[in-house]
Structures are given as structure tokens and as C-alpha cells.
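This report concerns only the one structure given below.
The values are calculated or read from the model by the stated rules, or taken from the named source; none is laboratory data. What you see is a predicted model, and the numbers here were worked out from it, not measured in a lab. Ideal geometry is used to build each Cβ from the backbone, glycine not excepted, and the neighbour counts take in all protein chains shown. Side chains are part of the model used for accessible areas, which takes the heavy atoms of the whole protein and leaves out ligands, DNA and RNA. Shrake-Rupley method; radii C 1.70, N 1.55, O 1.52, S 1.80 Å.
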Amino acid sequence: MTPDLDDAAGLQTLFVAVAGEPALALAVSGGADSLALMLLAQRWAAGLEAAPRIVVYSVDHGLRPEAAAEVAMVLEAAASLGLAARGMAWTGPKPETGVQEAARTARYRLMGSAMVEYGATVLLTAHHLQDQAETVLMRMAHGSGIEGLKGMTSMADIEGIRVHRPLLGVDPAALRAVVDAAGLVPAADPSNADPHYERVRWRLAMPQLAALGLDAGAVALFATRMAEADAAIAQMADGCFSEIVRLDGFGAGRIELAPFVGLSPAISTRLLGRVLNIVGGRQKPRALGAVERLRKTIAEAGLAKATTVLGCVIRIKDGALVVAREPGRSLPPDALLAPHGELVWDERFRIINASPEAGLTASVADYLPRHRLEEFLGFKVTAPAEAIRTAPIVRDAGGGVLSLGGWSFDERIKVQLLID
């Protein structure tokens, strides 16, 4: 049920998830939806005893001559509401293809940097009910699984920014009414009606679907139910993960084959995808088709030889699926560890320099002889050769080995395998 946008309780419902934040940023393009977000956020904050600071960001992507005037309009409207505001521009050459995705990345990069300066902890965007329906329909057409069919979540991490979408359950007509009542004239971006873009084609098809009973509300309800099913599958897969998966200090995974094959396809696919994501350096966490095909092959025919998927080498050995990082595939270059600094290495290991010392370097272990490796560790190593070769090794300025994989031999270095 859509909250009453004219009611204080309704506003509290919209913004309850960020009520305790010290400072919030709003992404406002000048369209009706984002202007409504700005108006509603200002009214909500005005009714609080201890309101968060709010800053409005508007970005000129340099793609339309009208954009600069639209940013100026947003800044003027924000000032009239007593809100801090800042205009930004995406400068430099633009790609010939994938312009919208590149603009999105640039927009979040610019706003993320500004948020750090301002001290804002969450960015609010104006995605609404219609946007949610379009997203679900597009993902359905692309063959997404349950995880994709739950649509956009109200809270997400995008380009390293915490993003909140408080209007996901609100009809855009209600947002337009808020803007009209305030006497604001929203900007009109012609790309929002350009059928060259897939999202616009779905938008144009929505009235026909609504006539058949599949309106935005029905699709959003479907997304909610998919989110509930996704949470249930994730819960079961997490339980199975703790029972049949083992990760070693080189970042390799071992999945017990018999119980894995006995799981339902939905759970085993989720579990396998998580292992591939961890071991492979989180290359394509949503590449569902590749994971499904691999799971089906394992369940129906097994693996006659090692195969590579999503940056991993997978083989069956001693009654288990053994998963290791694929050598030579997108591995990171050597990296210096700052004094008392840390880095996330290959999206798999967090390496911390616990000392004030400079000159400590993390690099790929590569062809470290197994006998030398066992001298360091003090035990026989059975890990796949690929896992050993792709593990991180940290050396000091004199070439001394301080850590290898998840093992530290020196108090200056702490290493943690990232499993979430």
C-alpha cells in the first residue's frame, strides 16, 4: 500500500530506513520523480526534532544542451527549500556505445566523491513503482533467476555507495502530483521516450500489459514474492554451505559431491555460485546461466576433466568438487601496502599492514616450489596447483616472505579470506 504523501506518518514510513543517519544526499536530475523526492525529503526532515543534514546533487552529463539549465533549475529549487545543493558535470570524451551505463557510472562516481566531502552516508534516488516493474520485466525477458526477479531492493550498494530507494512502492502519478502542487516545472529528458532503449520499450508496452491485469502494482507484488523466495533459498544455501563447503588458506574451495548433487537445483545453483564468486574474485556474481550449466553438467554427467568458469578452475577429485582461482586471468599487479594500511587483494583477501613500515609488497605467488611452500607452512600441502599459484604473497623490502595466502608468518601482516 502506497503511503499517504501528504501525511506526516506517511512520510515517516517512506524514510524510516534512514531516519538515524547524520547526513543524506539526494540524486535529483530535475525530472518529476526526483523533484518529488526532494520535496518529500525536505518535508519529512522539517518534521523531525533531530533531522539529518540533506544535500542535493545534480549532474550535467554533457549529453544534451539543455542539461546545464536543468541543473541550475534543481539548484534554485533546492535553495528555495533551504537545502544545500551542488551541481556537477561529467566532462571529457564520451563512449560511442553504452553511453547510458557510462553516464550512470560517472554520475555515481561524482556523487560518491562529493558525499565523502560532505559526510553524507546514504544516497537517496527516486526509483518508483513503474521503474521496479520495468526492471522486473526486463530481467524476466533476459532469463534472470529468482535473485534477479526480486527487482531493485530498497537498500543497495552501488559503485561503493549506500543507496536507498524510498519511493519503490509509489506510483509515479502520485509523485507528479506532488511536484505540480508545489508549482515546479520538471525537466523532460527526451531519452525517456526514445524506443532505442530497452527500458523505454517496456514502458511503452506497460499500458497493454495493464489492460490484461499485469500492471505495475501486480509486477511489483510479484517482485516482493520473489524476494521472499530468494531469501528462503539463500537461507537454505547458507546452511548447506557451512555443512559441505570448505575453503582453504589459498582461497580454494572444496564441495562434497554426493550431498551437493542431492540438493534441489535452486539451492545447489546458489551454493555453487557463491563458491565461484568467492574463489574467482567476484568477477560476474550474477552470471546465472554459466552457473546453471555447470551445475547441470556436474549433476547429470560429472566432469571428465577440469573446466573453467567465471575465473575458476573446477575439477572432481576424491569425491568432491575442487574449485581454484584460474591463473593468469585478471590477477592483480603488485601492490604496495601503506604503513598501517590495508588492501583488498583480487577481491578475495584482505591484507593489513599492522606496522608503520613501508616497502611491503603484495604480489601473486606464482611458481613458488611446493617443497619451499611446505617449509614455510610446516605441513604437507594438498591444495590445487592453481590455488597456490594465484595466492597472494607479501614480502618486505629485503625480499623476506611475511605471508602467503591466508597464513601470516610475521606480526606485521594480517590476512583474511573474504567469504561474503
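Would you tally the net charge around Thr91, using a Cβ to Cβ cut-off of less than 15 Å, leaving Thr91 out, and scoring K and R as +1, D and E as -1?
Working: positive: Arg64, Lys94, Arg107, Arg109; negative: Asp60.
Local charge sum for Thr91: +3.
Diagonalising the gyration tensor over the Cα atoms of the chain and scaling each eigenvalue by 5 before taking the square root yields semi-axes of 45, 28, 19 Å, largest first. What number comes out for the charge environment of Asn353, summing +1 per Lys or Arg and -1 per Asp or Glu over other residues with Cβ under 9 Å away? Taking every other residue near Asn353 into account, the sum is 0.
Note the full-extension length gain between Leu221 and Ala177 as 0.36 nm times their separation in residues minus their Cα-Cα distance, in nm to one decimal. Mind dumping the intermediate values first?
On the way: separation 44, 0.36 × 44 = 15.84 nm, distance 2.34 nm.
Value of the extension gain: 13.5 nm.
Placing dummy labels 7 Å off each Cα toward the beta-carbon, the span from Arg282 to Glu300 is 3.3 nm.
Taking only protein heavy atoms and a 1.4 Å probe, what accessible area per residue, in Å², does segment 376-420 have with all protein chains in place?
Here the residues of segment 376-420 average 48 Å² of exposed surface.
Legend: residues Cys312, Cys240, sorted from most to least accessible area (1.4 Å probe; ligands, DNA and RNA excluded), read Cys240, Cys312. Rounded if a/c is under 1.5, else prolate if a/b beats b/c, else oblate: with a ≥ b ≥ c from the C-alpha gyration tensor eigenvalues square-rooted, which is segment 180-220? In terms of gyration-tensor shape, oblate. Our estimate of slack between Ser154 and Phe379, defined as 0.36 nm per intervening residue step minus the Cα-Cα distance, is 76.2 nm.
Tell me, what HN-Hα J-couplings in whole Hz come from the Karplus equation 6.51 cos²θ - 1.76 cosθ + 1.60 at θ = phi - 60° for each residue of segment 210-218, using x for Gly and Pro? Per-residue couplings from phi come out as 4, 5, 9, x, 9, 8, 4, x, 5 Hz.
Surface analysis of segment 8-143 yields an accessible area of 43 Å² per residue, using protein heavy atoms and a 1.4 Å probe. Looking at the square roots a ≥ b ≥ c of the eigenvalues of the Cα gyration tensor of segment 241-378, which shape do they give, rounded for a/c under 1.5, prolate if a/b is larger than b/c, or oblate? Note, shape of segment 241-378 comes out prolate. Rounded to the nearest whole Hz, the Karplus-based 3J(HN,Hα) values (6.51 cos²θ - 1.76 cosθ + 1.60, θ = phi - 60°) of segment 406-413 follow the sequence x, 9, 10, 10, 8, 5, 6, 10, with x at glycine and proline. Tally up the carbon and sulfur contribution to the accessible surface of the chain as a whole percent, 1.4 Å probe, everything protein left in place. With neighbouring chains kept in place, the figure for the chain is 54 percent.
Averaging Cα coordinates gives a centre for segment 89-160 and one for segment 299-334; these two points are 32 Å apart.
In the assembled protein chains, Arg109 presents an accessible area of approximately 130 Å² (probe radius 1.4 Å). Coupling constants for segment 354-360 follow from the phi torsions by the Karplus curve (6.51 cos²θ - 1.76 cosθ + 1.60, θ = phi - 60°), and in residue order they are 8, 10, x, 7, 9, x, 8 Hz; glycine and proline get x. What pairs from Lys296/Lys317; Lys296/Lys380; Lys317/Lys380 go past 25 Å between their alpha carbons? Pairs exceeding the cut-off: Lys296/Lys380.
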